[in-house]
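Heads up, the thing below is written out as structure tokens.
The values are calculated or read from the model by the stated rules, or taken from the named source; none is laboratory data. A quick note: this is a predicted structure, and the numbers were derived from the prediction, not measured. So basically every Cβ, Gly included, is an ideal-geometry build from the backbone, and we count neighbours across all protein chains shown.
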Amino acid sequence: MALEDILNVVPAGSVEESLAKQIDYSRLPRHMAVIMDGNGRWAKERHLPRVEGHRAGIESVREIVEGSARLGIPVLTLFAFSVENWKRPVSEVSTLMMLLKRYLRLELNTLLRNNIRFRVIGRVEDLAPDVRAELVVGEEKTAGNTGMIFNIALNYGGRAEIVEAVRRLMTSGIHPADVDEERFSEHLYTAGQPDPDLLIRTSGEMRVSNFLLWQIAYAEIWVTDTLWPDFRKHHLLEAIVAYQKRDRRYGGITQPAVAGR
Ligand code: IPE
Ligand code: IPE
Ligand code: MG
């Protein structure tokens, strides 16, 4: 089903087609998380202002959101704005927020058509009222959808999320002896969702930058030098093909194909 969905939208004989055929659709990542990085460098290479990189990055967001839904990925999380990103110039921050609002307004129909559930994770309460209002519309209008969950991490910080979860636990009346990893996870923004199996970072940086710290404990990490505005469906397919070749041991040992020989 997912292969047919993808083949319908990729040109015959293309790289996408050959990658799509290499994927085992019964072993897709249950959750894919993406650190969209390199917009500024993309703009710099073209002697453009940084915000032009953010503008161009919207096209990549569109392609990856729709592509992931078609593939049958259950959860996709995109890191759009970190709690640390407020350190940037006010004009860059306000352009990012404006682009986000515009994206949501323009893409709402695509989200609905693809049965995508839109969710925001992060300290939404610190965002401007107009941005929050747009986010609420996106969440409410897609709440009844049953397909891919699309989390957007906005004003998100992994440590802040953990601290907030501790606070909520402490006021929930739960006895400390009853706190375990599962209970703890239920107090994170991603409660009820599987942990990321695959973490993608664009633009070559080998760090996690405070993203989903608890949830990525055993995620497979795939880093590409491609800058986010250049990231296309074939990169996504490439990441999934690479992910499916990884040997995930979770601290154990690889099971031999035929035991006892
Ligand atoms: C990622 O691109 C977008 C956000 C963090 C909002 P950057 O703006 O970080 O681009 P670089 O890393 O400076 O190239
Ligand atoms: C991570 O990118 C945050 C987002 C993608 C939103 P940054 O560009 O902010 O990360 P650092 O500063 O390179 O670690
Ligand atoms: Mg960056």
(request) Among the numbered conditions (1) closer than 24 Å to ILE149 by Cα; (2) assigned to a helix (DSSP H, G or I), tell me where SER91 comes up short. (result) (1)
(request) Take the residues in the stretch 211-261 that are of a type in the set (Lys, Arg) and not in a helix (DSSP H, G or I), then tell me which one is surrounded by the fewest Cβ atoms within 10 Å (Cβ to Cβ). (result) ARG261
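Is there a residue being in a helix (DSSP H, G or I), closer than 17 Å to THR190 by Cβ and at pLDDT 95 or above anywhere in the stretch 103-123?
Filtering the stretch 103-123 down to residues in a helix (DSSP H, G or I) leaves 103-113.
Within this subset, residues satisfying the condition of being closer than 17 Å to THR190 by Cβ are none.
No - not one qualifying residue is present in the stretch 103-123.
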(message) Kindly evaluate GLU84 against the criterion of being modelled with pLDDT of 95 or more, surrounded by fewer than 18 Cβ atoms within 10 Å (Cβ to Cβ) and within 30 Å of LEU28 (Cβ to Cβ).
(response) no
(message) Looking at THR190 and the list (1) surrounded by fewer than 17 Cβ atoms within 10 Å (Cβ to Cβ); (2) among the polar types (S, T, N, Q); (3) more than 16 Å from ligand 3 (Cβ to nearest atom), which single condition is not satisfied?
(response) (1)
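Within the stretch 1-54, track down each residue that is of a type in the set (S, T, N, Q) and within 23 Å of the chain's Cα centre (by Cα). Give the steps one after another, and end with the answer.
Keep residues of the stretch 1-54 that are of a type in the set (S, T, N, Q), which gives 8, 14, 18, 22, 26, 39.
Result: GLN22, SER26, ASN39.
Residues being of a type outside the set (Asp, Glu), touching a Phe, Trp or Tyr at 6+ places or on another chain (Cβ under 9 Å) and within 27 Å of HIS235 (Cβ to Cβ): count how many of those fall in the stretch 150-195. Walk me through it before giving the result.
Start the filter on the stretch 150-195 by keeping residues that are of a type outside the set (Asp, Glu), which leaves 150-160, 162-163, 165-177, 179, 183-185, 187-194.
From what is left, the residues that are touching a Phe, Trp or Tyr at 6+ places or on another chain (Cβ under 9 Å) are 150-158, 162, 165-166, 169, 184-185, 188-190.
Now drop any that are not within 27 Å of HIS235 (Cβ to Cβ), which leaves 150-158, 189-190.
Number of matching residues: 11.
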(request) Starting from the stretch 218-245, take each residue that is within 14 Å of LEU28 (Cβ to Cβ) and in contact (Cβ under 8 Å) with a residue 12 or more places away in the chain and list its partners that are basic (Lys, Arg) and in a loop (DSSP other than H, G, I, E, B), counting only C-beta distances under 7 angstrom and pairs at least six apart or across chains. (result) GLU220/ARG246; GLU220/ARG248; GLN244/ARG27
